[in-house]
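Reading through the structure tokens given below for one structure.
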Amino acid sequence: MNRLKAWLAVWAVTVAALAQGGFDPVKSVTVRFEKGAVVATAPEGAHLKAIFMKVEKEGGPGKLQAGPLPPGNAKDELEDDIWHGPVRIPVKGEGLSGDVTLKVTYQPCTEGIGGVCYPPTVQTLKVKAADIPGAKAAATTAEAPAVKPAEAAPAPAPKEAGTPRPASTTTPAPESQGVFLAFLLVFLAGMGASLTPCVFPMIPITMAIIGAKGSGRAKGFALSIALVLGMAVTYTVLGVVAARSGAAAGAMAQKPAFLIPVSLLFGAFALSLFGAFEIRLPQGLQNKLQGDGPRKGYGGAFVMGLVMGPISAPCVGPVIGTVLISIAQKGDVAMGAAQLFTFALGMGVLFIAVGTFSATLPKSGDWLDRFKQAMGLVVLGFAAWNVRFVVEPWMNPAMWAVVTLTGAALLGAFRPAESILSGFAKGLGLLSLALGILLGIRAVERFENVQLLPGGGVVEGPKASLWIEQDYEQALAKAKAEGKVVLVDTYAEWCAQCHELDEKTWPDAAVQAWVKAHAIAVRIDTDKVRPDLAPNLGIRSYPTVLVLDADGKELKRSLGFQTPAAMRAWLES
């Protein structure tokens, strides 16, 4: 449907396009062959759309594989990927000989007032078979390979640029090992995510809700599998969405509209663990999901799995963020779905273990009540931590004061010690009580803007002298005057990874040295302060860091949080 709409839009403006002077869809777009790749370059004021871009061989023996296409460096009004400047499409040949004719199809569009998109245009290139990677070795099988081992086995590409990579039995061993290692790392990341504060304490609660506890090993295992499959569905869909919509998919989990309800939900979970009430499904729904039919409990377990994915997103976000960004940049739907399915399986290992062996756990007693209270304190702490960037400054110490005072009560700060162990717990409780009181005073100081304790009062964040704040136009003018590039850090106040950049990456001495030597740095809140710049800069998720030339033309961009080392490498590349 999107392709049909694009075609209709193309032909609707064809007459106007042909009448427009100054731009020729063939002469104005340069197409050349360079170092094993076709390079198509749109002139300034124009771009190439990804939807029609492809490279094919025209006649003759042998086969040609082209791609994969690199990610677009911008989006058009239809949310399609586009390229400004050159786009490089790698090619690989098999059984080619002599001169090879390459047919390059692209769709150019002009920009600005009166800008139009031309019909898909074709240019041809004559290339020697020996210059195409893999072609010479395939054409002279009787001879020893003339290409160095490092060059003889480039990664196989799809037959048509932009299409998913097909399975191949001839894939070199190193690539197979790389794919296996990637999936293993994703699986281990899922296991690590299950140990985070917003997942681990929920495991026994979830197993109790779906009826796995005390149901026997076989039944507990089956219910756990149903739960994990529900989780897998959620994360697989997330992988597909990331591949289809880009890095903006991960940004939703950082927004206040998502974080605040999740924290309230976890606050309710904490109260339940403290014994304030018991969480149960409505009786009617419980009877349907856990009736005496052949699907007893499995429907409820699957639904709980579907729910576990979204409510754990804020906590597993830092773990899964890198995977989502990689998927979004590659745009490979099949790979995105497979990787996120693998992540869910890794995350479900502990659920399966607890669901299968819960019947053999020690009987309930005082130890279980204390364990539930400790888990409740962890969950309550996560609820406070989760919204640390989206609430007023005074609310952070206030929320942690509530957490520490609750911990003081649970540790027995207000009860007499009856043994050495309870005395030790009481000591910890008194420390927690003192910390809670101090945090409460800090909250009052920030709310009333007064100083009650040494070092108190309103705490302002450090001011970075390197940065121009919010003034994009000033940064461009200064960069042009000093002959430097522009480093643009776009952010939103609710973006946790943006704050991580401010705390961990930008203060790095090597990063600051590069910025001082090569760039004019500007920080822009394109969510609230300068939303007018978000479309022009192509900002769809936060943080997005851009390097522009002095005329505002994008040179490169980085999505998501980057460590100081990764940021230095990216800036210097």
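Readers should treat all values here as calculations from the given coordinates under stated rules, not as data from a laboratory. Everything numeric in this text was worked out from a predicted model, so none of it was measured. Here the Cβ is made from the backbone with ideal geometry for all residues, glycine too, and neighbour counts use every protein chain on show.
So if R0 is 30 Å, what FRET efficiency would residue 131 and residue 518 give, r being the distance between their Cβ atoms, rounded to the nearest 0.05? The pair residue 131/residue 518 has a calculated efficiency of 0.25. Computed packing ranks the peptides 117-123, 565-571, 341-347 as 341-347, 117-123, 565-571, most packed first, by mean other Cβ atoms within 10 Å. Subtracting the Cα-Cα distance of residue 430 and residue 179 from their residue separation scaled by 0.36 nm leaves 85.1 nm. Distance from the Cα centre of the stretch 57-127 to that of the stretch 418-433, in angstrom? The stretch 57-127 and the stretch 418-433 have Cα centres spaced 70 Å from each other.
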